[in-house]
Amino acid sequence: MLTKLLQKYPFLVLDGAFGTEITNRGFDTNDELWAAKALFERPELVRSVHYDYYRAGADIVSSASYQASVEGFEKKGYSRSESKKLIQDSVALVRAARDAFLRDTADTALRNRPAPLAAASVGPYGAYLADGSEYRGDYTLSRAELSDFHEERLALLIEAQPDLLAFETLPLLDEALVLVSDLKRRGDAAAWCSFSCKDEKHISSGEPIAEAARILDKEPQIVAIGLNCTAPDYVTSLIREIRSVSDKPIVVYPNTGETYNAVTKTWHGAATSYTDYVKQWHEAGARLIGGCCRTTPDTIRDIAGFRKTLM
């Protein structure tokens, strides 16, 4: 699917931050479930944000399941069956937003962009912990324990029939390999694998991103490799590290360069303008480009606008 699209377009445009955007619209995300709380409190808001990212020019929009888990919903008082349904609802909402966008948009407006896709977000174990460890990589579960955490949620998301999966903000190579192993047991679903990174060469655990990319390059169900929620200053170097060992499409969707406080769940510092970077990332080899924390539909509109200049 991605291969055919990337033969026609310079790069694909991803969506931007979900949690940032619902916060901008007045929703309180200061909770262990973070933005996933909106799945049961404000599903219409979830759908609206997805819709607005498609309208801004995103070719791929991801579900609000990043911090969702059966265990997390059960802590909120939902039964196991209700919790499973909420996870699958996340995919139904992004698909509904995509379908509504297509109904509402004139064919002429879609002529120079790909038919939009709906992805299912699969966040790391650290997102469930809600302590910022997805940016440190310091949890010490075994592969078996990580598989126990991910396997059921991954199966639920695949059953909800997204176009592809987004394994994202992964701080550990082991966690990526666990997800790949779980994916193989679930048929031929495709996923991209995206790491959180600490500097120009290493993922959050300290492992070289080139080593992670070298290993993942051999996995046919991994259709793109890259990074997200990483400072923009590091991205060009990280793209080059990945490209040195893999010919797979590279996916990048950094944050705006601010610092996250996991205790207060707030961001601090000055934001970086994406306009200064997107051309550089594309020239370095990125083929899927979007935004993570603190980016907005306006950010995505700018990225989509840059692509138009290349066509």
> Among the listed residues 31, 15, 89, 59, which satisfies the condition of being among the acidic types (Asp, Glu), at pLDDT below 95 and over 19 Å from residue 149 (Cα atoms)?
Replying inline: 31
> Pick from 181, 196, 204: which is more than 14 Å from the chain's Cα centre (by Cα) and either at pLDDT below 95 or surrounded by 24 or more Cβ atoms within 10 Å (Cβ to Cβ) (or both)?
Replying inline: 204
>> Please list, ordered by residue number, the strands (runs of 3 or more DSSP E) wholly in segment 229-272 having 1 or more residues that are modelled with pLDDT of 65 or more and aromatic (Phe, Trp, Tyr).
In response: 250-253
>> Restricting to segment 184-193, name every residue that is without any contact (Cβ under 8 Å) to a residue 60 or more places away in the chain and either surrounded by fewer than 23 Cβ atoms within 10 Å (Cβ to Cβ) or among the polar types (S, T, N, Q) (or both).
In response: 184, 185, 186, 187, 188, 189
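Examine segment 141-152 for a residue that is in a loop (DSSP other than H, G, I, E, B) and polar (S, T, N, Q), and state whether such a residue exists. Before you say what the answer is, go through the steps one by one.
If we filter segment 141-152 for residues that are in a loop (DSSP other than H, G, I, E, B), which is where we start, we get 141-142.
From the residues that got through so far, the ones that are polar (S, T, N, Q) too are 142.
Yes, there is a match, as at least one residue in segment 141-152 is in a loop (DSSP other than H, G, I, E, B) and polar (S, T, N, Q).
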> Do you know which residues across segment 143-178 are surrounded by fewer than 21 Cβ atoms within 10 Å (Cβ to Cβ) and among the hydroxyl-bearing types (Ser, Thr, Tyr)?
Replying inline: 147
> In segment 1-23, which residue that is in contact with a strand residue (DSSP E or B) (Cβ under 8 Å, 6 or more places away or on another chain), hydrophobic (A, V, I, L, M, F, W, C) and assigned to a loop (DSSP other than H, G, I, E, B) is surrounded by the most Cβ atoms within 10 Å (Cβ to Cβ)?
Replying inline: 18
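Quick check on my filter: what residues within segment 153-181 are among the β-branched types (Val, Ile, Thr), outside any strand (DSSP E or B) and in contact (Cβ under 8 Å) with a residue 40 or more places away in the chain?
Of segment 153-181, the ones among the β-branched types (Val, Ile, Thr) are 158, 169, 178, 180.
Add one more test, that the residue is outside any strand (DSSP E or B), and what stays is 158, 178, 180.
Residue satisfying the conditions is 180 alone.
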> Which of the residues belonging to segment 67-112 are in contact with a strand residue (DSSP E or B) (Cβ under 8 Å, 6 or more places away or on another chain) and not polar (S, T, N, Q)?
Replying inline: 91, 94, 95, 97, 98
> Which one is farthest from residue 290 (Cα to Cα), of the residues in segment 113-142 that are surrounded by fewer than 22 Cβ atoms within 10 Å (Cβ to Cβ) and polar (S, T, N, Q)?
Replying inline: 142
>> Going through 69, 63, 81 one at a time, which residue ends up being on the phi < 0 side of the Ramachandran plot, small (Gly, Ala, Ser) and more than 19 Å from the chain's Cα centre (by Cα)?
In response: 81
> Can you tell me which residues in segment 279-300 are crowded, with 17+ Cβ neighbours inside 10 Å and assigned to a helix (DSSP H, G or I)?
Replying inline: 281, 282, 284, 297, 299, 300
> Can you name every residue in segment 273-288 that is in contact with a Ser or Thr (Cβ under 8 Å, 6 or more places away or on another chain) and modelled with pLDDT of 95 or more?
Replying inline: 280, 281, 284
> Just one of the numbered conditions (1) small (Gly, Ala, Ser); (2) modelled with pLDDT of 95 or more; (3) assigned to a helix (DSSP H, G or I) is not true of residue 121; which one?
Replying inline: (3)
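For segment 161-176, give me each residue that is within 17 Å of the chain's Cα centre (by Cα) and over 22 Å from residue 12 (Cα atoms).
Here is the first cut: in segment 161-176, the ones within 17 Å of the chain's Cα centre (by Cα) are 161-173, 175-176.
Selection gives 171, 172, 173, 175, 176.
Within segment 182-228, track down each residue that is assigned to a loop (DSSP other than H, G, I, E, B), farther than 19 Å from residue 292 by Cβ and touching a helix residue (DSSP H, G or I) at 6+ places or on another chain (Cβ under 7 Å). Full working, then the answer.
Within segment 182-228, the first condition is being assigned to a loop (DSSP other than H, G, I, E, B), and the residues that meet it are 185-190, 196, 198-201, 204-207, 217-221.
Retained after the next criterion (residues that are farther than 19 Å from residue 292 by Cβ): 185-190, 201, 206-207, 217-221.
The answer is 186, 189, 201, 207, 219, 221.
What is the residue count in segment 43-99 for residues that are among the polar types (S, T, N, Q), farther than 21 Å from residue 28 by Cα and in contact (Cβ under 8 Å) with a residue 40 or more places away in the chain? Give the steps one after another, and end with the answer.
As a first pass, look at segment 43-99 and keep what is among the polar types (S, T, N, Q): 48, 62-63, 65, 67, 69, 79, 81, 83, 88, 90.
With farther than 21 Å from residue 28 by Cα added as a condition, the list becomes 79, 81, 88.
After this cut, where a residue has to be in contact (Cβ under 8 Å) with a residue 40 or more places away in the chain as well, the list is 88.
Total meeting the criteria: 1.
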>> Any residue in segment 225-241 that is surrounded by fewer than 21 Cβ atoms within 10 Å (Cβ to Cβ) sitting within a Cβ distance under 9 Å of a residue that is of a type in the set (Phe, Trp, Tyr)? List the pairs, counting only those 6 or more apart or interchain.
In response: 233/277; 236/277; 236/281
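The values are calculated or read from the model by the stated rules, or taken from the named source; none is laboratory data. None of these values were measured; they are calculated from a predicted model. All Cβ positions, even for glycine, are placed from backbone atoms using ideal geometry, and neighbour counts span all protein chains on display.
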